[in-house]
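Data first, discussion second: the structure below is written as structure tokens.
The values are calculated or read from the model by the stated rules, or taken from the named source; none is laboratory data. What you see is a predicted model; the values in this text were computed from it and never measured. All Cβ positions, glycine included, derive from the backbone under ideal geometry; neighbour counts span all protein chains shown. Side chains are part of the model used for accessible areas, which takes the heavy atoms of the whole protein and leaves out ligands, DNA and RNA. Shrake-Rupley method; radii C 1.70, N 1.55, O 1.52, S 1.80 Å.
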Amino acid sequence: YDMMCFEWRWVVTKVELANNMSADVVESVLGKIRDLPEEIQELLSLMAYIPNALDVSTLKALMCRDGASYEERQVLDLLQQSSDEGMLLLVSPNWIFAHDRIRQASLKFASEKSGSEETLLHISSVLLAEGADREWCQYVAVDILNSLPVEKTDCNELVKLNLKVSHLARNSGALGKENALVHKGLERLKAAGMTWTDDYYELTRQLYDALLVSEYSSGE
């Protein structure tokens, strides 16, 4: 109570204000997304899982699933409609969300839909197929697959992918990422009960070799 002005004064910290505004904005955008055509909802949902800017060719591959077929001009039309709605921006030749809060709202919308695990498997397979010469595709794909339950993934392929991408991370100087991926690979192998078994002996050895190098490089 301000004794000089004879009134109550409310003090809201910047952190509280930012959190409340963020939640309100996300809910507001989420409401708008629910009113959009289904094809645009699908486009935003798929893009939400990928933190990078996307080109039309990759977006076309993502949209073509469950029997649906798209031409690039159709995808471009959906992108333009999304842009007109204030959801996306063109940073030629790629497309990005106009704001991170829009991506958060799209991700929330996507997670509320049934079949989200199948969607993630589809996204990862497209990124691995499209991203042979784009390392970021492999980074995003392995992170998506690592987030899925053990029974939803091919243990052998995922462990190998973790090992492969950990080498990419090391070569680019991302030692923390390298370490995290090697640990993820070992966790998957242990969860499947495959460590040091005949079929996985060499892969187990490679993972522990990579772990030794990674831990030593990190000063452990």
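Please report, for the Cα atoms of the range 28-158, the Rg to one decimal and the Dmax as a whole number; what are they, in angstrom?
Cα-based Rg and Dmax for the range 28-158 come out at 14.3, 44 Å.
Can you tell me the accessible area per residue over the chain, all protein chains present, probe 1.4 angstrom, in square angstrom? If you can, show how the numbers build up before the last one.
Numbers: 12580 Å² over 220 residues.
Per residue, the chain has an accessible area of 57 Å².
Sequence gap at least 6, Cα distance under 8 Å: using those rules, report the relative contact order of the chain to the nearest whole percent.
Working: 202 pairs, mean separation 30.8, N = 220.
Once normalised by length, the contact order is 14 percent.
With respect to the cross-link table entries Lys152/Lys184; Lys113/Lys160; Lys164/Lys184; Lys113/Lys177, which display a Cα-Cα separation exceeding 19 Å? Show your work: numbers first, answer last.
On the way: Lys152/Lys184 15 Å; Lys113/Lys160 30 Å; Lys164/Lys184 12 Å; Lys113/Lys177 30 Å.
Violating the 19 Å Cα-Cα cut-off are Lys113/Lys160; Lys113/Lys177.
Let me have the relative contact order for the range 32-137, percent, based on Cα pairs under 8 Å that are six or more residues apart.
Values: 89 pairs, mean separation 32.5, N = 106.
After rounding, I find 31 percent.
How are the C-alpha pair distances of the range 36-106 spread across 5 Å bins, as whole percents from the shortest bin up?
Pair shares across the bins are 4, 17, 33, 29, 13, 4, 0.
Gain in length, Glu220 to Ala191, computed as 0.36 nm per residue apart minus the alpha-carbon separation, to one decimal in nm? Let's see the in-between values first.
Details: separation 29, 0.36 × 29 = 10.44 nm, distance 2.46 nm.
Length gained, Glu220 through Ala191: 8.0 nm.
Hey, how much of the P(r) for the chain falls beyond 25 Å, as a percent of Cα pairs?
Values: 12620 of 24090 pairs.
Above the 25 Å cut-off, the chain has 52 percent of its Cα pairs.
With labels modelled as points extended 7 Å from the Cα through the Cβ direction, what inter-label distance (nm, one decimal) is found for Ser92 paired with Ala53?
Roughly 1.2 nm, to one decimal.
Just to be sure I understand the model, the point goes 7 Å from the Cα along the line to the Cβ. What's the resulting Val213 to Arg134 distance in nm?
So the two model labels end up 2.7 nm from each other.
Out of the total accessible area of the range 98-220 (probe 1.4 Å, heavy atoms of protein only), what percent is carbon and sulfur?
Numbers: 3340 of 6430 Å².
Heavy-atom surface of the range 98-220 belonging to carbon and sulfur, 1.4 Å probe: 52 percent.
Taking only DSSP H segments of four or more residues, each worth -39500 (n - 2.57), what value at 222 nm results for the chain once the sum is divided by all its residues, to the nearest 500 deg cm²/dmol? Could the numbers behind the result be given before it?
Numbers: 10 runs with 144 residues, N = 220.
Dividing the helical sum by the residues of the chain leaves -21000 deg cm²/dmol.
If ligands, DNA and RNA are left out, what is the accessible area of Arg170 with a 1.4 Å probe, given in Å² to the nearest 10?
80 Å²
Separation of the range 71-93 and the range 95-134 by C-alpha centroid, Å?
16 Å
With labels modelled as points extended 7 Å from the Cα through the Cβ direction, what inter-label distance (nm, one decimal) is found for Tyr201 paired with Asp100?
Here the answer is 4.9 nm between the modelled labels.
Do any chymotrypsin sites (Phe, Trp or Tyr not before Pro) in the range 142-216 lie in a DSSP loop with no more than 15 other beta carbon atoms within 10 Å, and if so, which? Spell out each step's value before the answer.
Numbers: sites: Trp196, Tyr200, Tyr201, Tyr208, Tyr216; in loops: Trp196.
Filter output for the range 142-216: Trp196.
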